[in-house]
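All of the numbers you see were taken from the coordinates with simple rules; none came from a lab. All values derive from a computational prediction rather than experimental measurement. Cβ: placed from backbone, ideal geometry, glycine included. Neighbour counts: every protein chain shown.
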Amino acid sequence: MTDTPSSLSLHLATEADTIRLGEELALVVKSGDCVALWGNLGAGKSTLARALLRAMADDDYLEVPSSTFTLVQNYDLRFPVAHFDLYRLSDPAELEEIGFADALDNGVCLVEWPDKAGTSLPEARMDITFGFDPAGGRQITIQATPTQLARIKRVLAIRRFLDAHGYADARRRHLTGDASTRAYEYIYPEDGSARRILMDSPRQPDGPPIRDGKPYSQIVHLAEDVYPFVAIDLALRDRGFAAPQIYESDCESGLLLIEDLGPDTLLDGDGKPIEERYREAVACLAALHAVAFDRDIRLPTGGVHHVPDYDRTAMKMEAELLIDWHLPWKRNGTPATDAERAEFLAIWDGLIDQLATAEKTLVLRDFHSPNIIWRGEQQGIQRIGLIDFQDAMIGPSAYDLVSIVQDARVTVERNIVDQLMADYLDLRRREPGFDETDFLKAWAIMSAQRACKLNGLWVRLMKRDHKPGYMKHMDRTLWHLSVAFEHEALTPLRDWCTRVGIGKTESRPQAR
């Protein structure tokens, strides 16, 4: 795909249509975007800009004064937004004085009267041109790079999906994106009924083959469309767990309108674990592990989702992130030797062999604080809302207990870890046939596997994906690896890490 600009045209019959377009562009823009608004006086440029800013602030009454006299107004929103009105600009050279270049580097620029900017506008921008339609309303043309235009077309496709399912006048607000390609919106129905959540998860193309002709996502069984989410959601709800109800769906397009389970998490206002909530989450997990799940789940749209196995290939591929990314980073670019790699993989073959007798069940895979909703008004397992399970597999039940007690994004103090482990084991001991010794060995192995994956993933996100923010979790997940090493089954991996210099100087993280 080239960056040659493409275009689309829209008819805005009323001012309300202009406002709605501005609100939807608030869901589209990303840091680094420049949105140039072209048109005569009264064409609707300021109306659109004001709607975009208020939607980003989620404040219908946000004061958005005219920038005509100040030339620029700055807003600290989801990311910085600078609203430029260049009507009174006498010389493009003045743009440097009002911080135009810095604004482009640090956030989003909205520019009215962009013709005054001369050659200062970036080539890769969104041009929105307003014209008066003789039949009434406004006719606009949006010209942008294919990547930007694809974002705009997607947000308009979501609007058509909502319109078709009775949400024509619903308000849309940004909720979040994550480390994957999924994004979420809050949907506020016009009738004042309960807020919904829109999951935007378009089917992903296969990446390059990296082993046996398969891309990474297939090897480690990552969901590539929304069908797995729908299947696991139904299976969880059928067994009494608090997964969101799916109100509307277009699975082929990757769109789901789902229940909002609430805003509360397992953390307090300072981002620290609330012990009671973590204990309830562990109790929910113990209940989940006591229930049988089918491997083949029939979908309401027809067809069957087969829950994949957390197999040897997937476990090793994830663990290899440590040797592929973390170790070279630790050594300032020097990769592992062939001998080091061979020994590392042989160690993991031996560890995975020891999981042969481990209890296997549905593994949600990311059972930790960002993906668990606290529903304090409910009782029992309904107090724990589950929202991220599209990558679920059949594997060692110990994995999800690792995920929660060794939370990757928040430090769970060792005394709380010990309490959570005691709670879980006490509940599971009541079941006939539960092998505690085998479970604890599996817990240590899966703790090491998850820590190897994450300690490599943080570096990959920084180096390959230009997302350095995840590196703040490194000390924590290295500490988790050291905890796994306390079990005698991990002695070979501990000794290998010591020899190659992983974990030698890292200390236990401070709680945060």
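For this structure, a couple of remarks:
- For region 96-110 versus region 119-139, the gap between their alpha-carbon centres in whole angstrom: 21 Å
- Calculated over the chain: convex hull of Cα atoms, volume per residue (Å³): 178 Å³
- Sparse packing (at most 13 other Cβ atoms within 10 Å of the Cβ) combined with a DSSP loop state is found for the following GluC sites (Glu not before Pro) in region 12-97: GLU63, GLU96, GLU97.
- Rg over Rh [alpha-carbon atoms, Kirkwood Rh] for region 197-311: 1.01
- Per-residue ³J(HN,Hα) for region 370-385, Karplus 6.51 cos²θ - 1.76 cosθ + 1.60, θ = phi - 60°, Hz, x for Gly and Pro: x, 10, 10, 9, 8, 10, x, 7, 8, 10, x, 5, 6, 6, 10, x
- Region 64-152: chymotrypsin sites (Phe, Trp or Tyr not before Pro) in DSSP coil with no more than 11 other Cβ atoms inside 10 Å: PHE69
- Taking 20 Å as the straight-line reach from the Cα of LYS30, the lysines in range (excluding those fewer than 8 positions away in the same chain) are LYS45, LYS153, LYS467.
- Residue-wise HN-Hα coupling along region 111-127, computed from phi with Karplus coefficients 6.51, -1.76, 1.60 (Hz; x: Gly, Pro): 10, 8, 6, x, 4, 6, 7, x, 9, 7, 5, x, 5, 7, 9, 9, 9
- Region 228-309: GluC sites (Glu not before Pro) falling in loop per DSSP and having at most 15 other Cβ within 10 Å: GLU252
- Estimated D of region 121-197 in µm² per second, where Rh is the Kirkwood radius over Cα pairs and Stokes-Einstein applies at 20 °C, 1.002 mPa s: 143 µm²/s
- Centroid-to-centroid separation of region 406-450 and region 26-48 [C-alpha atoms, Å]: 52 Å
- For region 1-104, the share of alpha carbon pairs falling in successive 10 Å distance bins from zero is 13, 44, 35, 8, 0 percent.
- Tail beyond 21 Å, pair distance distribution of region 306-398 (Cα, percent): 52 percent
- Point-charge dipole on Cβ atoms (K/R +1, D/E -1) for region 385-512, about Cα centre, debye to 20: 780 debye
- The overall shape of region 49-99 is prolate: from the C-alpha gyration tensor, with semi-axes ordered a ≥ b ≥ c, the ratio a/c is 1.5 or greater and a/b exceeds b/c.
- Cα-centred dipole magnitude for region 363-413, charges only on beta-carbon of K, R (+1) and D, E (-1), debye, nearest 20: 100 debye
- Summing Cβ point charges (Lys, Arg +1; Asp, Glu -1) relative to the Cα centre of the chain gives a dipole of roughly 620 debye.
- Inter-centroid distance (Cα atoms) of region 325-367 relative to region 252-275, Å: 31 Å
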